[in-house]
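Take a look at the structure below.
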Amino acid sequence: MDASSSNISDFDSVFSLGLKLYKMGQNNDAILALRRATELENSRGEAFVALGELYDKLGQTEKAILTYKKGIKAHPQFVDNYFDLAVLYGRQISTIRQNLMAYPIGYLAETQEKTHEYFLKAAYLNDAESKKILQKESITANTKEEIIFELIKIGNQRMDRKNFREARSIFSFVVQNRDDDQALKVLAICNLNIGQDYDEDMDYKKAYSWYTEAQVLMTRLYDKDNTREDYKDLLGIILLTIGNLFGSWDKHDKAIEYLEKSKSLIANKHELYKFLGQEYYFNEQLNQAKQYLSEYAMSNNRSLDELLEESKLLHYHKYLDKLNILAGNSGHSQKEIDFLNKAIQMYPNKQDAYYYLGICYRYMNEIQRALKVYNKALEVDLEGEYSSEIRREIMELKSL
């Protein structure tokens, strides 16, 4: 028996066991077996269907939905996961109608929309029952072109609502099943916006992953037709966004690399020059920083000295932001102290960095260093924002 047939036998035996346990009512064991079947390298779509149906039967609706969606992702041409997911959403509609006030505004319409989406996808994959159900819903879509048209209508409505994750579900299906440059562009926009959500939450790795997907899609379109200004500009915006991400990530060499790449593509370069100037400043490349900041200054009636001071202050606050992240992740550490000392070198007359440095030393039980730093903070600004708190800290430390 070769390796391939051995793998198939493994799947068949695990899947059969899961179905047997399901029929016997041993639900927990059935779930374990069916989950194992979905995880095998050569899993088949029916394993996801069976597991989704079991979760649905047990009233675990969210797990059922997630399972069907995983099945769709793993086996995009297997129709039953689309159909069962549409049916599940359809059953929710009557429940929502019976208790409408318990759900957010628009939830009913969005659930109906999801039902139509997955019946349309099943219909595209030649499921006759789905077509009949859609006709009862007054959606006449007999040809693949008509089905795609209806799907894109739903996708565009979601784009208007800025529901980029759900819109992505539509446009990724379209791109998987036909050559459609406009859908590919919209898919890139969805990925870009999903990445920005992670970026705002400072989850830079996930943000970078979504941004990279957007970059790949738009590079494909731009390579296909580099005369399209919309392709050129969107690719430039994506590269600029990745550059800014690396800047937030304190990877200034990479930030500069991506920002420089975006320079030949992006239409409005004014803000780009400012970003480049700041990144070169953070990277201690002062001549390049001055060059780009001068370009920005001339077009915005600003002085170079003003922009350099602004970059310096921004850099200072980035150090303090790092401090908060480090304290939240790992407590007070030498790395945190190093950042604060750099911040103090930049602005020796600002009280806040001294205050935070004193806190670090206190929690590291270096009492004398903490007292020295706190006294310096009062020397810098006797009546500053943190002065009363610093005096309280000094009294407590002296009483130890």
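Rounded to the nearest Å, what's the spacing between the alpha carbon centres of region 272-286 and region 150-201? Just the number, please. Going from one Cα centre to the other spans 33 Å. By the count of other C-beta atoms within 10 Å, a proxy for reagent exposure, 117, 166, 271 are ordered fewest to most as 271, 166, 117. The GNM of the chain, with springs linking C-alpha atoms under 10 angstrom apart, assigns the highest mean-square fluctuation among 262, 311, 16 to 16.
Based on DSSP H segments of at least four residues, each scored -39500 (n - 2.57), the chain has a per-residue ellipticity at 222 nm of -26500 deg cm²/dmol. By the Kirkwood approach, averaging reciprocal distances over each pair of separate Cα atoms, region 181-302 gets a hydrodynamic radius of 14.7 Å. Considering only 302, 158, 97, give the residue with the highest GNM mean-square fluctuation for the chain, with springs between Cα atoms whenever their separation is below 10 Å. Answer for the Gaussian network model of the chain: 97.
Each of 294, 388 was scored by other Cβ atoms within 10 Å of its Cβ. Listed from fewest to most, they are 388, 294. Return the FRET efficiency for the residue pair residue 376, residue 345: r is the Cβ-Cβ distance, R0 is 22 Å, and the value is rounded to the nearest 0.05. According to the calculation, E is roughly 0.95. Within the set (1) 47; (2) 37; (3) 57, the number that percent of Cα pairs over 32 Å apart takes when calculated for this structure is listed as (3). Positive-end ranking of 238, 85, 18 along the dipole of the chain, with charges on Cβ about the Cα centre, is headed by 18.
Counting 0.36 nm for each residue step from residue 212 to residue 126 and taking away their Cα separation leaves a gain of 27.6 nm.
With the charge dipole of region 250-307 set up from +1 on Lys and Arg Cβ and -1 on Asp and Glu Cβ about the Cα centre, the Cα lying farthest toward the positive end among the listed residues 270, 304, 281 is that of 270. In terms of surrounding Cβ atoms within a 10 Å radius of their Cβ, 378, 314, 134 rank from fewest to most as 314, 378, 134.
Using the Cα centre of the chain as origin and beta-carbon charges of +1 (Lys, Arg) and -1 (Asp, Glu), tell me which of 218, 102, 367 is placed farthest towards the positive end of the dipole. The residue sitting most towards the positive pole is 102.
Exceedance of the 24 Å cut-off in Cα-Cα distance is limited, within the set 205/342; 121/185; 70/121; 73/131; 121/162; 185/274, to 205/342; 185/274.
Mean-square fluctuations from a GNM of the chain, with a 10 angstrom spring cutoff on Cα atoms, peak among 150, 137, 279 at 137.
Screening the chain for whole DSSP H helices of 27 Å or more along their axis (Cα) with average Kyte-Doolittle hydropathy at least -0.5 returns 3-23, 79-98, 181-200, 229-248, 304-330.
No value in this document is a laboratory result; all are computed from the given coordinates. No experiment lies behind these values; they were computed from the predicted model shown. For neighbour counting, all protein chains shown are included, and Cβ atoms are generated from backbone atoms with ideal geometry for every residue, glycine included.
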